[in-house]
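Okay, structure first, notes after.
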Amino acid sequence: MATPHHLLASNEAQRLAALQAYRVAGDAPFFDEFVRLTGKLFQVPIALVSLVEADTVWFRGNSGLPEAPERVPRGESLCSVAILSEEATVFDNLADRPCTLIDPTAVGDLGLRFYAGSPLHTATGEAVGTLCVIDRKPRLLAPEEAVLLRELADVALRLFDLQVALAAASAPAPALWADVYTAIGTSISRLDTLAELMQWEDAPDTPAALSYQASRREEAAVVAKILQQQINTAIQQLERQP
(Lines give C-alpha, C1' and ligand atoms only; values in the text may rest on other atoms or scores of the structure.)
Protein backbone atom coordinates (compact mmCIF):
# COMPACT_ATOMS: atom_id res chain seq x y z
CA MET A 1 0.00 0.00 0.00
CA ALA A 2 1.50 3.32 -1.07
CA THR A 3 1.97 5.96 1.60
CA PRO A 4 -0.45 8.92 1.33
CA HIS A 5 1.32 12.01 0.07
CA HIS A 6 0.41 14.05 3.15
CA LEU A 7 2.42 11.65 5.34
CA LEU A 8 5.64 12.10 3.36
CA ALA A 9 8.28 14.31 4.95
CA SER A 10 9.47 17.35 2.99
CA ASN A 11 12.92 15.70 2.86
CA GLU A 12 11.59 12.18 2.26
CA ALA A 13 14.36 11.10 -0.12
CA GLN A 14 17.11 12.20 2.30
CA ARG A 15 15.20 10.69 5.22
CA LEU A 16 14.96 7.28 3.57
CA ALA A 17 18.65 7.42 2.63
CA ALA A 18 19.57 8.11 6.27
CA LEU A 19 17.27 5.29 7.39
CA GLN A 20 19.18 2.64 5.43
CA ALA A 21 22.01 2.51 7.97
CA TYR A 22 19.57 1.55 10.74
CA ARG A 23 17.68 -1.20 8.92
CA VAL A 24 19.90 -3.85 10.47
CA ALA A 25 18.23 -7.25 10.70
CA GLY A 26 18.67 -9.61 13.60
CA ASP A 27 17.70 -9.94 17.22
CA ALA A 28 18.01 -6.79 19.33
CA PRO A 29 16.42 -7.61 22.71
CA PHE A 30 17.65 -4.36 24.24
CA PHE A 31 14.99 -2.46 22.27
CA ASP A 32 12.21 -4.29 24.12
CA GLU A 33 14.00 -3.74 27.41
CA PHE A 34 14.44 -0.06 26.62
CA VAL A 35 10.78 0.54 25.77
CA ARG A 36 9.67 -1.42 28.84
CA LEU A 37 11.80 0.91 30.93
CA THR A 38 10.42 3.93 29.08
CA GLY A 39 6.86 2.86 29.88
CA LYS A 40 7.86 2.52 33.52
CA LEU A 41 9.33 6.02 33.59
CA PHE A 42 6.11 7.51 32.16
CA GLN A 43 3.76 5.18 34.08
CA VAL A 44 1.99 4.07 30.89
CA PRO A 45 1.18 0.49 29.84
CA ILE A 46 2.53 0.78 26.27
CA ALA A 47 5.76 2.07 24.75
CA LEU A 48 7.17 1.56 21.25
CA VAL A 49 10.29 2.43 19.28
CA SER A 50 9.88 2.43 15.52
CA LEU A 51 11.56 2.98 12.19
CA VAL A 52 9.37 4.66 9.56
CA GLU A 53 10.17 3.01 6.24
CA ALA A 54 9.01 3.94 2.73
CA ASP A 55 5.57 2.36 3.09
CA THR A 56 5.55 0.72 6.52
CA VAL A 57 6.29 1.44 10.17
CA TRP A 58 8.61 -1.19 11.67
CA PHE A 59 8.26 -1.61 15.44
CA ARG A 60 11.75 -2.51 16.66
CA GLY A 61 10.76 -2.42 20.31
CA ASN A 62 7.32 -3.19 21.70
CA SER A 63 6.25 -3.23 25.33
CA GLY A 64 2.61 -3.68 26.22
CA LEU A 65 1.09 -4.06 22.74
CA PRO A 66 1.60 -7.74 21.83
CA GLU A 67 -1.36 -7.72 19.44
CA ALA A 68 0.37 -5.25 17.14
CA PRO A 69 2.16 -6.76 14.11
CA GLU A 70 5.86 -6.07 13.60
CA ARG A 71 5.08 -3.83 10.62
CA VAL A 72 1.99 -1.79 9.73
CA PRO A 73 1.22 0.50 6.76
CA ARG A 74 2.29 4.10 7.32
CA GLY A 75 -1.29 5.21 6.76
CA GLU A 76 -2.35 3.29 9.88
CA SER A 77 0.29 4.47 12.35
CA LEU A 78 0.53 7.62 14.45
CA CYS A 79 4.32 7.27 14.23
CA SER A 80 3.99 8.33 10.57
CA VAL A 81 2.57 11.62 11.82
CA ALA A 82 5.14 12.05 14.61
CA ILE A 83 8.11 12.13 12.21
CA LEU A 84 6.64 15.20 10.49
CA SER A 85 7.24 17.42 13.53
CA GLU A 86 10.43 18.64 15.21
CA GLU A 87 8.90 18.28 18.66
CA ALA A 88 6.76 15.59 20.27
CA THR A 89 3.37 14.84 18.69
CA VAL A 90 0.74 14.49 21.40
CA PHE A 91 -2.90 13.34 21.34
CA ASP A 92 -4.47 13.68 24.80
CA ASN A 93 -7.67 11.82 23.92
CA LEU A 94 -7.95 10.11 20.55
CA ALA A 95 -11.58 9.19 21.21
CA ASP A 96 -12.62 12.85 21.39
CA ARG A 97 -10.02 14.28 18.99
CA PRO A 98 -8.85 11.55 16.57
CA CYS A 99 -5.94 12.07 14.22
CA THR A 100 -7.35 12.84 10.77
CA LEU A 101 -4.07 12.19 8.93
CA ILE A 102 -4.28 8.40 9.27
CA ASP A 103 -6.96 5.72 9.12
CA PRO A 104 -8.50 5.90 12.62
CA THR A 105 -9.72 2.32 12.49
CA ALA A 106 -6.42 0.76 13.61
CA VAL A 107 -6.11 3.10 16.57
CA GLY A 108 -9.74 2.61 17.53
CA ASP A 109 -9.57 -1.19 17.26
CA LEU A 110 -6.67 -1.23 19.73
CA GLY A 111 -8.52 1.03 22.16
CA LEU A 112 -5.75 3.64 22.24
CA ARG A 113 -6.56 7.04 23.77
CA PHE A 114 -3.30 8.82 24.62
CA TYR A 115 -0.28 9.01 22.32
CA ALA A 116 2.96 10.98 22.64
CA GLY A 117 5.69 10.34 20.08
CA SER A 118 9.07 12.02 19.78
CA PRO A 119 10.95 11.75 16.46
CA LEU A 120 14.36 10.09 16.29
CA HIS A 121 16.55 12.68 14.57
CA THR A 122 19.93 11.76 13.15
CA ALA A 123 22.92 14.07 13.56
CA THR A 124 22.05 15.63 10.19
CA GLY A 125 18.40 16.17 11.12
CA GLU A 126 16.48 13.38 9.36
CA ALA A 127 13.64 11.80 11.35
CA VAL A 128 14.06 8.05 10.87
CA GLY A 129 11.59 6.84 13.48
CA THR A 130 9.91 7.54 16.80
CA LEU A 131 9.85 6.74 20.47
CA CYS A 132 6.28 6.82 21.76
CA VAL A 133 4.37 6.27 24.98
CA ILE A 134 0.71 5.21 24.80
CA ASP A 135 -2.21 4.72 27.17
CA ARG A 136 -5.70 3.31 26.85
CA LYS A 137 -7.08 6.20 28.88
CA PRO A 138 -6.81 9.96 28.26
CA ARG A 139 -4.01 11.89 29.94
CA LEU A 140 -1.86 14.98 29.55
CA LEU A 141 1.86 15.20 28.81
CA ALA A 142 3.53 17.66 31.19
CA PRO A 143 6.23 19.95 29.76
CA GLU A 144 8.84 18.16 31.87
CA GLU A 145 7.69 14.83 30.43
CA ALA A 146 8.03 16.19 26.89
CA VAL A 147 11.67 17.05 27.67
CA LEU A 148 12.27 13.56 29.08
CA LEU A 149 10.67 11.93 26.03
CA ARG A 150 12.98 13.90 23.74
CA GLU A 151 16.02 12.87 25.81
CA LEU A 152 14.97 9.23 25.66
CA ALA A 153 14.42 9.51 21.91
CA ASP A 154 18.09 10.51 21.67
CA VAL A 155 18.92 7.39 23.66
CA ALA A 156 16.80 5.28 21.27
CA LEU A 157 18.74 6.57 18.27
CA ARG A 158 22.00 5.67 20.04
CA LEU A 159 20.58 2.18 20.53
CA PHE A 160 20.22 1.95 16.76
CA ASP A 161 23.83 3.16 16.45
CA LEU A 162 24.78 0.41 18.88
CA GLN A 163 22.96 -2.21 16.80
CA VAL A 164 24.86 -1.07 13.71
CA ALA A 165 28.13 -1.35 15.65
CA LEU A 166 27.16 -4.81 16.94
CA ALA A 167 26.41 -6.01 13.41
CA ALA A 168 29.89 -4.95 12.30
CA ALA A 169 31.72 -6.34 15.36
CA SER A 170 33.72 -9.55 15.27
CA ALA A 171 33.88 -10.02 19.05
CA PRO A 172 30.95 -10.89 21.35
CA ALA A 173 28.54 -8.08 22.20
CA PRO A 174 29.01 -6.19 25.46
CA ALA A 175 26.70 -7.11 28.33
CA LEU A 176 24.81 -3.87 27.82
CA TRP A 177 21.69 -4.30 29.89
CA ALA A 178 23.43 -6.02 32.78
CA ASP A 179 25.67 -2.96 33.05
CA VAL A 180 22.75 -0.56 32.60
CA TYR A 181 20.61 -2.09 35.32
CA THR A 182 23.53 -2.19 37.71
CA ALA A 183 24.07 1.52 37.09
CA ILE A 184 20.41 2.58 37.41
CA GLY A 185 19.29 0.06 40.03
CA THR A 186 18.99 2.62 42.83
CA SER A 187 16.99 5.02 40.66
CA ILE A 188 14.60 2.28 39.52
CA SER A 189 13.95 1.23 43.12
CA ARG A 190 13.30 4.84 44.08
CA LEU A 191 10.90 5.31 41.14
CA ASP A 192 8.91 2.28 42.29
CA THR A 193 8.79 3.57 45.88
CA LEU A 194 7.63 7.02 44.78
CA ALA A 195 4.91 5.51 42.57
CA GLU A 196 3.62 3.46 45.53
CA LEU A 197 3.63 6.51 47.80
CA MET A 198 1.67 8.52 45.21
CA GLN A 199 -1.06 5.88 45.22
CA TRP A 200 -1.72 6.53 48.91
CA GLU A 201 -2.48 10.21 48.30
CA ASP A 202 -6.13 11.30 48.22
CA ALA A 203 -5.55 13.51 45.15
CA PRO A 204 -2.76 14.03 42.60
CA ASP A 205 -2.38 17.70 43.53
CA THR A 206 -1.69 17.37 47.27
CA PRO A 207 1.67 18.83 48.39
CA ALA A 208 3.03 15.34 49.04
CA ALA A 209 1.85 14.01 45.65
CA LEU A 210 3.39 16.98 43.83
CA SER A 211 6.63 16.39 45.70
CA TYR A 212 6.63 12.72 44.70
CA GLN A 213 5.99 13.69 41.07
CA ALA A 214 8.89 16.16 41.10
CA SER A 215 11.16 13.51 42.60
CA ARG A 216 10.09 11.01 39.94
CA ARG A 217 10.98 13.47 37.19
CA GLU A 218 14.40 14.04 38.74
CA GLU A 219 15.07 10.30 38.99
CA ALA A 220 13.87 9.75 35.43
CA ALA A 221 16.32 12.41 34.21
CA VAL A 222 19.11 10.57 36.02
CA VAL A 223 18.11 7.32 34.31
CA ALA A 224 18.13 8.97 30.86
CA LYS A 225 21.61 10.40 31.46
CA ILE A 226 23.03 7.08 32.63
CA LEU A 227 21.46 5.24 29.68
CA GLN A 228 23.15 7.65 27.27
CA GLN A 229 26.50 7.20 29.01
CA GLN A 230 26.27 3.40 29.12
CA ILE A 231 25.33 3.09 25.45
CA ASN A 232 28.07 5.49 24.36
CA THR A 233 30.57 3.42 26.33
CA ALA A 234 29.36 0.20 24.68
CA ILE A 235 29.69 1.72 21.21
CA GLN A 236 33.21 2.99 21.99
CA GLN A 237 34.22 -0.49 23.19
CA LEU A 238 33.01 -2.03 19.94
CA GLU A 239 34.70 0.59 17.81
CA ARG A 240 38.03 -0.10 19.55
CA GLN A 241 37.92 -3.78 18.68
CA PRO A 242 40.48 -4.89 16.06
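The values are calculated or read from the model by the stated rules, or taken from the named source; none is laboratory data. Here the structure is a predicted model, which means the values were calculated and not measured. Cβ sites come from the backbone with ideal geometry, for glycine too, and all protein chains shown count toward neighbours.
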- Task: Select from region 60-80 the residues that are surrounded by fewer than 21 Cβ atoms within 10 Å (Cβ to Cβ) and within 15 Å of the chain's Cα centre (by Cα) and write down the one among them that is farthest from ILE184 (Cα to Cα).
- Result: LEU65
- Message: Let me spell it out: the conditions are (1) part of a strand (DSSP E or B); (2) modelled with pLDDT under 95, and THR130 meets all of them except one. Which number is the exception?
- Response: (2)
- Message: Give all pairs with beta carbons closer than 8 Å in which a residue from region 18-31 that is modelled with pLDDT of 90 or more meets a residue that is of a type in the set (Ser, Thr, Tyr); count only pairs at least 6 apart in sequence or on separate chains.
- Response: ALA18/THR122; ALA18/THR124
- Task: Kindly establish whether LEU162 is farther than 24 Å from PHE59 by Cβ, in contact with a Leu (Cβ under 8 Å, 6 or more places away or on another chain) and either assigned to a helix (DSSP H, G or I) or not β-branched (Val, Ile, Thr) (or both).
- Result: no
- Item | Test for ALA203: is it in contact (Cβ under 8 Å) with a residue 12 or more places away in the chain and among the small types (Gly, Ala, Ser) | no
- Item | Among the residues listed as LEU101, LEU51, the single one being in contact with a helix residue (DSSP H, G or I) (Cβ under 8 Å, 6 or more places away or on another chain), hydrophobic (A, V, I, L, M, F, W, C), over 15 Å from ASP135 (Cβ atoms) and not in a strand (DSSP E or B) | LEU101
- Message: Checking the conditions here, which among LEU194, LEU176 is touching a residue at least 40 places away in the same chain (Cβ under 8 Å) and crowded, with 16+ Cβ neighbours inside 10 Å?
- Response: LEU176
